[in-house]
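Single-structure report; data block below.
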Amino acid sequence: MLLIPCPYCGLRDESEFVYGGPARALPDMDAQTPEAQHSLYRPINPRGPLRELWYHSGGCECWITLTRNTITHEFEDDLS
Amino acid sequence: MGYSALSLMGHAFRGNTQWPTLIAAPDMRTIYDIVIIGGGGHGLATAHYLAKIYGLTNIAVCEAGWIGGGNTARNTTIVRSDYLLNGSFALKHFALKLWEDLTQDLDFNIMYEPRGYIDLAHSDGELEQFELRANAMRLRGADAQILDRSALKARIPLLSLDMDKRFPVSGALFQPAGGVVRHDAVAWGFARKASQAGIHIFQNCPVTGFDISDGVLQGVQTAKGHITCKQALISVAGESSAVAGLAGINLPLNSINVQACVTEPVKPALDAVVNYNVGLSYLSQTAKGEFVLGGATDGYASFARRGSFERIEDVLARAVQMFPFLSRLRLMRHWSGTADITADGNAIVGQTPVSGLMINSGWGYAGFKATPAVGHQLAELLATGILPDLIAPFALDRFALGAEQDDAGIGPYPWLH
Amino acid sequence: MSRFSIGGLIDRDKTLTFTFDGVTMQGHPGDMLASALLANDRHFVARSLKYHRPRGIMSAGLEEPSALVTVTDAFGSMPNLKVTEVPLRDGMQVSSQNAHPSLERDRAAVFGLGSKMLSAGFYYKTFKWPKTGWAKTYAPLIRRAAGHGGIDPEPDRALYDKRRMACDVLVVGSGAAGLSAALIAAQSGATTVLLEQDHALGGALLGSMEQIEGMSAVDWVQDARAALSQLSNVTLKTRTLAFGQYDHCLIQAVEAPDEMTTKAILWKIRARRIILASGAIERPVVFAGNDRPGVMLASAVRLYIRRFSVGLGKCAVVAVSDVEERNDTVAALNEAGTKVVAVLDSDVQLVKTKGRHHLKMVIWRDSKGRRHRTPCDLLAMSNGWSPTAHLFAHMGHSLRFDVRTHSLLPSDSDGPLYPVGGARGVRDLVGCLQDGKAVAHHVMAELEMHKHLNLPRAMPTPAPTKRFQSATQTGFVDLQNDVTRADIAQAQAEGYDDVELTKRYTTLGMGTDQGKTSWTNGILEIAAFGNQTAGNVGHTTYRPPYSPVSIGALVGAEVDTEMIPIHRTPFHTDFARLGCVFQTSGHWLYSRYFPQADETMTEAVTRECKAVRQSLGCVDMSTLGKIDVQGPDALTFLSRMYCNAFAKLPIGRVRYALMLREDGYVFDDGTIARLAKDHFLITATTANAASVWRYMQKCAQIDWPDLDVTLTSVRDHWASLAIAGPNARDLLAALDPDFDIGRDAFPFAAVRQGHLGALPVRVFSVSFSGELSFEINTPAGFATALFDRVLDAGAKWNIVPYGLETLDILRIEKGHISVGTEIDGRRTPHDLGLDQLVSSQKHYVGRAMLERPNLKAQGRAHFVGLRSEDGHSPIPPAAHLCEAGMDSQGMAQTCGYLTAAVHSPTLDQPIALGFLDNGHARMGETLWAHSPVAGKSVRVRVGPVCAYDPRGDRLHA
């Protein structure tokens, strides 16, 4: 179980969170189809650091953006 | 010399030291017609059918590690074709037909056992959805039945039908032809036959780059040297993004861990593959007696090939709901594989924007059951240049077109599939 | 009996009685099952998996490959337990496994004769004909022969639990290194957890005659235990197996408490630092007959004699590669009065053993090649040690083969897990004590709890330069899976030369002992037969658990109804009082129907439907998601979330709304109510309540932080009861509202806030049933009050409570879509006939992707209604729509399928909903509805989805 550094609540167990996938901005509201497609399907699948979203459903109910290494699972974010 | 009881006896007589090697160890040529990247079940099946059906043998299979060492070695060995959408059904239905004859085709016992696949429904509403799937299968030529509780009891006496459960069982979909296949044997059998036909298989041979000019594939760079080729196939599961990325191809997928585990071996107690549907848990008993169990993905991106023990706990909790006696057995080993999961949870198979370069990826944790069919269809594509019907629905451009093959209807969120 | 009258760590004052294969035996507290069996002169306890060879007790720990038994106690029976891991309990019934009819006369022992034919991977090469032969004939045969013990089909009566702990320092193992490390950490003030798998602390010290700090090793252990027990910052757990290391310093362990109230507990321990002092495992010598009962590891011999005070034989041969261990083994045998008939160093070659069910003779060849036949009944053997660094390797660190120690060693660790002592190849007592101390000081400095003393680490102990060499290929490498040298040789010859391929082909190390005694030997054999160095061979991945762990413990207490918390609505007890039948729906327990007297479900549901259509019913709507949306940008926010236009929605009005996914497909439907200019309340479906809430939060927090909007999930704040039927407005009036509920003042699709009598309420005039309907929301605590008043006042119109079944039939009659059936994640608004809900005047999530070619294409599957052509034949649920009948094989080309099919109580005829290719253009066509599973085919006519009151007049009554 990952230990996730929530910037609002501190280190918390993964079971308190819902994964939100790689950080991927919604396209602009007036975006055309190709732009929207690029935004939604652009591959973000690195071996290594990945900026991703977690939702702290069992805590502060905030969406947080963290950088985690997909090989080691270490978070690069420092709470201090 | 082929494999048989007679050859076993003969070799036993000679101390089992004269057996031919599984695959030959040739020197790498500089030119091949086709390079298959990835020596897992899918890649090796493609090699086999290229030789068997089309007589093409000037082919190299480049495997970064050992043959069958990726998800072929890590899956829970289940084969079935119980899908509502025709795309998924048709390919896996064809695969089942091929599984039936594969032992004889390969002269290698791949141990296909149609012990029956049983998908448990936990409400009447869910059972009606299963009925919809069973009807689709029947109308398309596959056997499928709906089992009520008493039929279930008769078929799996140890299954708990206790109503005093969080999610009681109301019935099940039953596919008699579903079952298990010995996973390692699939890779080895395809490899052996392809090698016998003259195809070169290289282990510890990662691909490091592609030569592409004007959008046309010219060759492949490998750890063992450069290969000039007109066609290549990328079939590397969890590493799809990285390898396709070397050719500048973008795949809408994420690599995510899938957990599996196995209990200590015990005498036969379960003669079917059973699936629990509130939070996934599927299990079967191996010929050696172990219960092999699997579940859904860890739900977050990872290449670690280890991971969430919580998923194992979930899988076991559900397994114990089905089979209370399991709580007295012990977990012997758990492991994970890297599943490549796409934006609609289904495979990406076929041509890429690079002419001559084919892709086979996105199988997530459903790839094993499709192995021979995918190999068969990709062989046709590589040999004839014509896109076969069964893989046509899985083209890479479907996301741009809006022709998703989303069996679960979950949408463009790989970690939820 | 081979129990000595004095010595050992057993309590002779008490006697424990147990049985083995029906024979009554006795032991004492402090005994393991293994020592008790040996004390009763029982060596031969098992048959091997493949060849059914007689097997004894080879080791004294978790590494035991052979001695697996089934143990039955008050909770039932557990198969495959190693006799070396089970503490003896009174009343235990122990039975041998994998032997029929008995251990001594096992018929399957005949397999041993054909062992050459049953060589590595034989089953891949045969059993291929006839085509169905494998599945029908051979596999069932093999299955029956395979497996070890059998299952106990009775449900488990034991209790299990899961618990959590956190600490500064976790020490795994309580030998010299572990105890010395734990003492330093604990005395420095760190919260310290010490885990020991055995029921006694001390590890290998319990078989040692060495002195520590001027006292015997056993006394030193007792002192250390006492010192640790005094400290409040120490948690000391015996019988607790740390089985795996996981992400972010999580160690998981299973405790088997001594008291029998809870059988096993899964511990999840987050430690800041982990000191792995798990020792090392002795390696057997690989030679013919090394598996015979009476052949034992030398360290086990010493431990049984000294710790358990058990004699193991009358005359022994000692074959130990390390000189000190050899001498110590001889000393131990002398203490036990066992005659040592030969002491062999590794200049000699062990050739084979003889004996049927027990060792009778060791045949060996001296350095000059002379053959010796030494009668004996015990062989104490050792060919070196393998450090137990599994937990280190679990996080993906590899071990490397070290030539000096001749073993797989963990690389130097920079934390957070540090292997110490035997786990990193240190063999001597002084070194282990020193290593434990040094690492503990280092860790305390890292944690800034202690000044860094920088003590030197001990060096791994070099292995003896010579080892016993194998003479023939028939020696067992892996005793549990009957893998011989010949099998490994064959795997190399056949090209299964990668260590992973060798493992899979031969099954080396894949047994329940996880290859603890076989892996290093296996790697050496692979290297030898494959002409490579052991370092090049590498090793297979170390997978948790280190040793098998109870599934009961991993599941814990959350079984049966406790598996996932049950969500109940505020009306639950009120409904239960009325005899409501509930149904699990997702995490909810939802009212399904309310039978009266001995009604069947169909009768009850028909009555409920008619009551709603003709007079009055009430239904629980509390499970719908409810999100309060406020702020100056609330309207802009919602306008982006939903695809409909509602910018002009007046205050006090409600609109049905559709939410799309980013990729343009329909995600959810619900209502938007405008409570004030900048204040909205939206609903989401029960199934999507959580995901809609999360998604809205994400958009508000991550994507559009510039919008000033505040979201609050208020579902659990409200009890929500809909009253529906022609008399709904009259009932509302009878509930004493303090607001105008007249038809003009409170029209359809509006919201009013006020009171019904004393009850504070929000009332929404919205309808899922198609009848005049008011959804009354009151704070959840007033649920019973509301329900009682509605039933009381509604009695005048014979109000009936109704549940999910009736709700579903009423919506099917109206052609309303539902999540899971019509909203299945693959539909556009157009597919569902909801084009009118899509605004072309604004931007919203999913708009751009909805423009993709296939989403706009003609001929997609459309949502349609269906009736049986003859007006009365039941339409089989889950049928598929086909233009033609089924062919002789029962196949047919499908063009759609049903999402719902019921007998409409209102229309008294079968109706259905479904998806049909190009359905919007096929109104009036007749098709087949085939359900092969039900064996039914019915002709159906395509029509509009709404079968009842298509103009919606009844909503406005």
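The values are calculated or read from the model by the stated rules, or taken from the named source; none is laboratory data. Predicted model only: the values in this text are computed from it and were never measured. Note that we place each Cβ from the backbone using ideal geometry, even for glycine, and neighbour counts take in every protein chain shown.
Some points to look at:
- Residue check for C:LEU103: within 23 Å of C:ILE281 (Cβ to Cβ), in a loop (DSSP other than H, G, I, E, B) and in contact (Cβ under 8 Å) with a residue 12 or more places away in the chain: no
- Any strands (runs of 3 or more DSSP E) falling wholly within the stretch B:120-230 and containing at least 1 residues that are surrounded by fewer than 21 Cβ atoms within 10 Å (Cβ to Cβ) and of a type in the set (Ser, Thr, Tyr): B:207-213, B:216-222, B:225-228
- Odd one out for C:ALA750 among (1) closer than 23 Å to C:PHE571 by Cβ; (2) surrounded by fewer than 23 Cβ atoms within 10 Å (Cβ to Cβ); (3) of a type in the set (A, V, I, L, M): (1)
- Some residue of the stretch B:199-211 being of a type in the set (S, T, N, Q), within 12 Å of another protein chain (Cβ to nearest Cβ) and within 21 Å of the chain's Cα centre (by Cα): yes
- Number of the condition not met by C:ILE566 [criteria: (1) surrounded by 17 or more Cβ atoms within 10 Å (Cβ to Cβ); (2) without any contact (Cβ under 8 Å) to a residue 40 or more places away in the chain]: (1)
- The condition (being in contact (Cβ under 8 Å) with a residue 24 or more places away in the chain and outside the structural domain of B:ALA373 (by TED's automatic domain parsing)) is satisfied by just one residue among B:ILE201, B:ILE212, B:ILE146: B:ILE146.
- Annotation note: of C:ALA181, C:ALA176, C:ALA166, the sole residue that is surrounded by fewer than 24 Cβ atoms within 10 Å (Cβ to Cβ) and of a type in the set (Gly, Ala, Ser) is C:ALA166.
- Index of the failed condition, B:GLU239 passing every other in (1) more than 14 Å from chain A (Cβ to nearest Cβ); (2) surrounded by 15 or more Cβ atoms within 10 Å (Cβ to Cβ): (1)
- Any hit, the stretch C:788-801, residues being within 39 Å of the chain's Cα centre (by Cα) and part of a loop (DSSP other than H, G, I, E, B): no
Per-residue answers, yes or no, for (1) under 16 Å from the mean Cα position of the chain (by Cα); (2) within 21 Å of B:VAL61 (Cβ to Cβ); (3) within 14 Å of another protein chain (Cβ to nearest Cβ):
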{"residue": "B:ASN360", "(1), (2), (3)": "yes, yes, no"}
{"residue": "B:VAL374", "(1), (2), (3)": "yes, yes, no"}
{"residue": "B:LEU378", "(1), (2), (3)": "yes, yes, no"}
{"residue": "B:THR384", "(1), (2), (3)": "no, yes, no"}
{"residue": "B:PRO393", "(1), (2), (3)": "no, no, yes"}
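- In summary, C:ALA879 fulfils each of the numbered conditions (1) farther than 16 Å from C:ALA901 by Cα; (2) touching a Leu at 6+ places or on another chain (Cβ under 7 Å) with the single exception of condition (1).
- Those residues of the stretch B:9-48 which are modelled with pLDDT of 95 or more and assigned to a helix (DSSP H, G or I), in sequence order: B:GLY41, B:HIS42, B:GLY43, B:LEU44, B:ALA45, B:THR46, B:ALA47, B:HIS48
- Subset of the stretch C:578-587 [modelled with pLDDT under 95 and part of a strand (DSSP E or B)]: C:GLN583, C:THR584, C:SER585
- Within the stretch C:137-154, the set of residues being free of Cβ contacts under 8 Å to residues at least 24 places away in the same chain and either of a type in the set (S, T, N, Q) or facing chain B (nearest Cβ under 9 Å) (or both) comprises C:THR137, C:TYR138, C:ALA139, C:PRO140, C:ILE142, C:ARG143, C:ARG144, C:PRO153.
- Residue selected from the stretch C:804-834 under the condition at positive phi and touching a Gly at 6+ places or on another chain (Cβ under 7 Å), by the criterion nearest to the other protein chains (Cβ to nearest Cβ): C:GLY825
- Residue within the stretch C:346-356 that is closer than 18 Å to C:ARG302 by Cβ, in contact with a Leu (Cβ under 9 Å, 6 or more places away or on another chain), buried (at least 23 other Cβ atoms within 10 Å of the Cβ) and not assigned by TED's automatic domain parsing to the domain that holds C:ILE251 present: no
- All of (1) under 30 Å from C:GLY803 (Cα atoms); (2) facing chain B (nearest Cβ under 7 Å); (3) among the hydroxyl-bearing types (Ser, Thr, Tyr) hold for C:THR569 with one exception: (2).
- Some residue of the stretch C:539-548 being basic (Lys, Arg) and within 9 Å of another protein chain (Cβ to nearest Cβ): yes
- Selection status of C:THR70, among the β-branched types (Val, Ile, Thr), modelled with pLDDT of 95 or more and over 30 Å from C:ALA288 (Cα atoms): no
- Tally of residues being in contact with a strand residue (DSSP E or B) (Cβ under 6 Å, 6 or more places away or on another chain) and more than 8 Å from chain C (Cβ to nearest Cβ) across the stretch B:134-148: 2
- Hits in the stretch C:112-125 - residues which are among the hydroxyl-bearing types (Ser, Thr, Tyr) and either buried (at least 19 other Cβ atoms within 10 Å of the Cβ) or under 35 Å from the mean Cα position of the chain (by Cα) (or both): C:SER119, C:TYR123, C:TYR124
- Within the stretch C:450-467, considering residues that are aliphatic (A, V, I, L, M) and surrounded by fewer than 16 Cβ atoms within 10 Å (Cβ to Cβ), the one modelled with the highest pLDDT: C:MET459
- Filter pass, C:LEU508 being surrounded by 24 or more Cβ atoms within 10 Å (Cβ to Cβ) and under 29 Å from C:VAL318 (Cα atoms): yes
- The one condition in (1) within 24 Å of the chain's Cα centre (by Cα); (2) part of a loop (DSSP other than H, G, I, E, B); (3) among the aliphatic types (A, V, I, L, M) that C:LEU554 fails to fulfil: (2)
- Meets criteria (over 27 Å from C:ARG827 (Cα atoms) and either surrounded by fewer than 21 Cβ atoms within 10 Å (Cβ to Cβ) or in contact (Cβ under 8 Å) with a residue 40 or more places away in the chain (or both)) for C:LYS626: no
- Among the residues listed as C:ALA879, C:ALA901, C:ALA892, C:ALA848, the single one being touching a Cys at 6+ places or on another chain (Cβ under 6 Å), buried (at least 20 other Cβ atoms within 10 Å of the Cβ) and of a type outside the set (S, T, N, Q): C:ALA892
- Here the condition is being modelled with pLDDT of 95 or more, touching a helix residue (DSSP H, G or I) at 6+ places or on another chain (Cβ under 9 Å) and under 21 Å from C:PRO284 (Cβ atoms); of C:LEU429, C:LEU409, it holds for C:LEU409 alone.
- Annotation: of all residues in the stretch C:77-92 being over 25 Å from C:LEU49 (Cβ atoms) and touching a helix residue (DSSP H, G or I) at 6+ places or on another chain (Cβ under 8 Å), the one that is surrounded by the fewest Cβ atoms within 10 Å (Cβ to Cβ) is C:PRO87.
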